[in-house]
Amino acid sequence: MRQVQSRQLAQGHTLLELLIVMGILNLFVAGTFQFVFILQAAQESQLRQLDQLQAVRPSLYEMLHDLRLIGYPASSNFVSTTSVLAPGMIAEGILEATATSFVFEADADGDGRVERIEYRMAADGTSLMRRASPKRLDGSLGIPTSDNQSFIQNLTNQTLADPLPVFSWDVDPDSSEPFPNNISIVYVSLAIEARLDPRDPSKKKIIHLAGASRRLNPSR
């Protein structure tokens, strides 16, 4: 009788121990899965930020390329009569420079045709617009080839606690040109809102991109 009771007690202890071990294993597995989910969410967040950066970088590089060619070709590239007979062949340099807009003329794509290029912040303060209008030989503007395209979106430059200018610059102290054509280097700063989780709009982060462009033709 005592042997039967001892076996029953031993089996009871074994079952209890098994249940305890299973409970510990369940807690360990649950914790492991939770850790994996956290890592996966962090990786997805980083990939979304990288995707948004990759989407914006080409636009930033295009802006810097355009700005580098401000005022090219200048009147000095032609005979003196060109400015009278075909003023549309000459780029007039910078026409407007503010923290949120930059307007200038250049043959930015190298096709021998001068364009007036306008970068302006949209009224909503979250999009940078681009407009390019070709110059006719008589100096008048033709139909825009790109008319107020939304060039860069999700900008937060103006909504930051310390607003960040999209455009800033250095001037050449030795230049005889009046402002803004004495600008020699243009800086572009972009604060972009990155959505970390499309299912939760509250999860977002501000990422920053910046670049500088030195004018090839600072005398105009």
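Remarks
- For residue 95, the amide hydrogen comes within under 5 Å of the amide hydrogens of 103, 104, 105, counting only partners 5 or more places away or on other chains and with H modelled in the peptide plane.
- The alpha-carbon of residue 205 sits under 17 angstrom from the alpha-carbons of these aspartates and glutamates, leaving out residues fewer than 8 places away in its chain: 44, 51, 162, 193, 197.
- Applying the Karplus relation 6.51 cos²θ - 1.76 cosθ + 1.60 with θ = phi - 60° to the stretch 87-103 yields 3J(HN,Hα) values of x, x, 7, 9, 7, 8, x, 8, 9, 7, 9, 9, 5, 10, 8, 8, 10 Hz, where x marks Gly and Pro.
- In Å², nearest 10: area of residue 159 left accessible to a 1.4 Å probe: 100 Å²
- Charge tally around residue 62: other residues with Cβ under 12 Å, Lys/Arg +1 each, Asp/Glu -1 each, net +1.
- Table column - 3J(HN,Hα) (Hz), the stretch 106-121, Karplus curve with 6.51, -1.76, 1.60, x for Gly and Pro: 5, 8, 6, 9, x, 9, x, 10, 6, 10, 9, 10, 10, 10, 9, 6
- Once the chain from residue 19 to residue 61 is taken as fully extended at 0.36 nm per residue, the excess over their C-alpha distance is 8.8 nm.
- Relative to one another, the C-alpha centroids of the stretch 87-129 and the stretch 133-190 are positioned 6 Å apart.
- Within the full protein context, the accessible area of residue 95 is estimated at about 80 Å² for a probe radius of 1.4 Å.
The values are calculated or read from the model by the stated rules, or taken from the named source; none is laboratory data. In this text, all values refer to a predicted model and were calculated from it rather than measured experimentally. Neighbour counts run over all protein chains shown; Cβ positions are idealised from the backbone, glycine included. Heavy atoms of the whole protein, side chains included, go into the accessibility calculation; ligands, DNA and RNA do not. Shrake-Rupley method; radii C 1.70, N 1.55, O 1.52, S 1.80 Å.
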